[in-house]
Every structure is written in structure tokens, then in C-alpha cells.
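Beneath this line is the structure, given in C-alpha cells, with notes to follow.
The values are calculated or read from the model by the stated rules, or taken from the named source; none is laboratory data. What you see is a predicted model; the values in this text were computed from it and never measured. Here the Cβ positions follow ideal geometry from the backbone for every residue, glycine too, while neighbour counts run over all protein chains shown.
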Amino acid sequence: MRKIHILLFIMILLTGCSNYRELNQLGLVIAMGIDVAQDIDNGYRVTFQVINPSQLSPTGTPTGIPVSNYTAEAETLVDAYRRASTIIPRYNDVSHLSLVVISEELARKGTGLIFDAFERVKTAKSTFPVFIARGTSAENVLGVVEPLESNPTKSVRSTSENNQKVYGISKITPLHEVIATLSSEGKDLLLPGIELNKKLTSKNQNDNLNNIKPSVVKVSGLAIFKKDKLVNWYDGEMARTTHLVLSEIESTTFPIPCGKKKMTLVSKRSKGTIKTLLKPIPTLQVNIAINTEIYEMNCTKDLTDTKVLTDIEKVLEKEIIRQVQRTIQISQGTGTDVFGFGSTLSKENPRYWKKHKKEWNTIFSKAKVEVNVKASINDSGLVTDPYEPK
């Protein structure tokens, strides 16, 4: 009897999966672009980027563009996904979804509960990042193949990840973090923006691949949201400073005055903390500690003199204070607490928060800003003095 039980158990293990499909039967959706519908009122125009399965074959010889884009319009995202089956010749599989791009037009109208389907559907996941297509459609952003990356999805992610490591304008923001921010109190949403650096010179993607100056995806600021609506943008220096305050900078550069020219300091480590003080008046306090190295000198200074290094540190501190104050003032002007001062206050003084949370945006907009920065230079490089042309 025992042998029969063992045999039955082995047979169960050997049975096939009921939902099993061969690779050549699947359409692997790796990205979705969501725009305002052109032909349906209050609907969506959804672009599904489907990878060519032959690109995944270790023995195959892939030819042509590695992905295809299919677009469908519907009143809901799930309906658009189902309708796409009329044009996608394979079963749509979203388990490999790794990017969602939303157009600026749609974001300004309001995202509403657009992310509900991603969180609710069992086959989807919530770890992929969300971006805003700035000044163009999500469909256009997902329609450009670059020479250095295999597909537009990888271009967007790689460009953003690279910028996050070396400068700090962009940041990978996963869907679950987006949903958590939208459903929480005391902090508004920030999302990275992307755009094309220039229009395509030809609709033929091979022309772009062979162009020495191709159209490419460009990191383009941070979208500032008020509840679920995009209301403003942080660009360049201010986008970077936002991440500095939030301790989301890996490394970045600070050009500061050096005689009549500039010198460059590169941050290696930084830590930003925020606090909301209520007495004597509501004050938004930011404290930043930053360690830097000197990477470039365009003037002559004695870097062996500790006083010289201290003076450089003070110049950097003043510059960071100026940037942080300007960045927070823009947030105050739109009444959007993207830094989470309200969230911090709700934990430190829950009684005050419960009483004043409905008027927090007004309190935040009028609050005093106090910024404290401690900068340190840990390394001046391999030379103490720059060379002097003779």
C-alpha cells in the first residue's frame, strides 16, 4: 500500500501546468505608456511594448527592432489590455512589466485611481518604476530605439539609474511607493520626468540607430503633484536639491566660485533630515551633512592650508543653503509638501496634526524655512596645486 501511495505522489509531481504556454505563444509586455484617449471621452490610450521572444533565445539570431508597440483605446486600463488582443498576435503576459510612463497631459488632469489595476491584478507586480512623459506623449517616448540600448524600456530605466548615481536629478520610484504616497497624509508625490532630447528626423527607426546624433531619452526634472494632479516641475539644480534634502543622492557635483572661474566639488556621502518646529512660529527645518572631494581646480589655491579648505567648505555651505531655501519656497508656493514635513509632524506631534491636518497646506506655505548645512572636504585629489601654463 505504501508503494502505491509513493507512486501516486510521484505522478502528481510529474503532471504538467494547466496554464503553461510556450515562449513563442506569449507576448511579453515589458512597458506600458498611458495617454489621454483621442477617440473616447474620459478614456485612455494605452501603448503596450511587447518584446520579441527571439531576443531571449541564446541560440537564435535576432534581426530587426527587438520590440513592437501596440496601442489600444478604452475607458479603463484592463479593457484596453483586453482589447489589445485584437492586434497583438500572442497572449499578453504582464508578469514581466518593468516600466509605466504616463503623459504630462494625463497627469495634469489627475491620475485618480489609475494604479488600482496594477495593484489588484494577480499577474501584475508593483515593483516597476513610474515616469512622466514631459511635453510629449508616453506613446512617443516608448517609440524611440537608441543605439546603446536594446529597447526603449531599458533606455528609460538605464538613463534614470545612471543619472541617479552620478548627479541626482532622477530617481527610480516604484509603483508601490507611488501608491503609498498618494494614500498617505502629510506628503505629496514626486515623479521623475523624461522626454526626447529632439524630434525624430525619420519615422524609420533604423535611421535613428545609424545617426551619430540620435534622438534619445532624456531625464527631465521632477513632477510635483498636489494630491493626484501634476501642478509644477522641479528642474536641474532644484530637482537635485530635492533629492539631497530627502537623502536620495548617491553622488553629485557642486561648481563653486574659484577666483574668476569655478572649481568642482563632488559629494561622496550626504545625509538630509527634516523637522517641523511649532514654536515660536511654524518652522520647516532642514539639516544636511555632506562629505565632498575636490575634483577640479580652475584657480590657484594652497590646498595644504586648512584655512583655505575651511573657506571652501563655508562657500559650499552657503551655496547649498541658497539652493535648499529656493527649492522649498517653490514647494510652498504651490502648497505641495513633497518633502514630508507634515508626515514627520504627524509622528512627532500627533495631537497637533490631528487638529490641524486639514489646514496643513496653508500652514506649510507660510512657515519659516531654516536650513543648516555642514560640509566637509575629505580629499583634495592627487595634486595640491594645479599646473600653471608657462
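Some observations on this one:
- Whichever residue in region 96-152 is of a type in the set (D, E, K, R) and assigned to a loop (DSSP other than H, G, I, E, B) and, among such residues, is nearest to Pro174 (Cα to Cα): Lys125
- Looking across region 329-342 at every residue that is under 17 Å from His243 (Cα atoms) and touching a residue at least 60 places away in the same chain (Cβ under 8 Å), the one that is surrounded by the fewest Cβ atoms within 10 Å (Cβ to Cβ) is identified as Ile330.
- Taken together, the residues in region 346-369 that are buried (at least 16 other Cβ atoms within 10 Å of the Cβ) and in contact with a Pro (Cβ under 9 Å, 6 or more places away or on another chain) amount to 3.
- Single residue of region 153-172 satisfying the filter (out of contact with any helix residue (DSSP H, G or I) (no Cβ under 9 Å at 6 or more places or on another chain) and either part of a loop (DSSP other than H, G, I, E, B) or β-branched (Val, Ile, Thr) (or both)) that is surrounded by the most Cβ atoms within 10 Å (Cβ to Cβ): Thr153
- Filtered by the rule that a residue be assigned to a strand (DSSP E or B), out of contact with any strand residue (DSSP E or B) (no Cβ under 7 Å at 6 or more places or on another chain) and surrounded by fewer than 15 Cβ atoms within 10 Å (Cβ to Cβ), region 242-268 gives Pro257, Lys261.
Here is a yes/no grid of residues against (1) outside the structural domain of Thr344 (by TED's automatic domain parsing); (2) among the β-branched types (Val, Ile, Thr); (3) in contact with a helix residue (DSSP H, G or I) (Cβ under 9 Å, 6 or more places away or on another chain):
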residue	(1), (2), (3)
Met297	no, no, no
Lys301	no, no, yes
Ile312	no, yes, no
Lys318	no, no, no
Gln325	no, no, no
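- Region 269-318: number of residues that are closer than 18 Å to Pro255 by Cα, polar (S, T, N, Q) and surrounded by 15 or more Cβ atoms within 10 Å (Cβ to Cβ): 3
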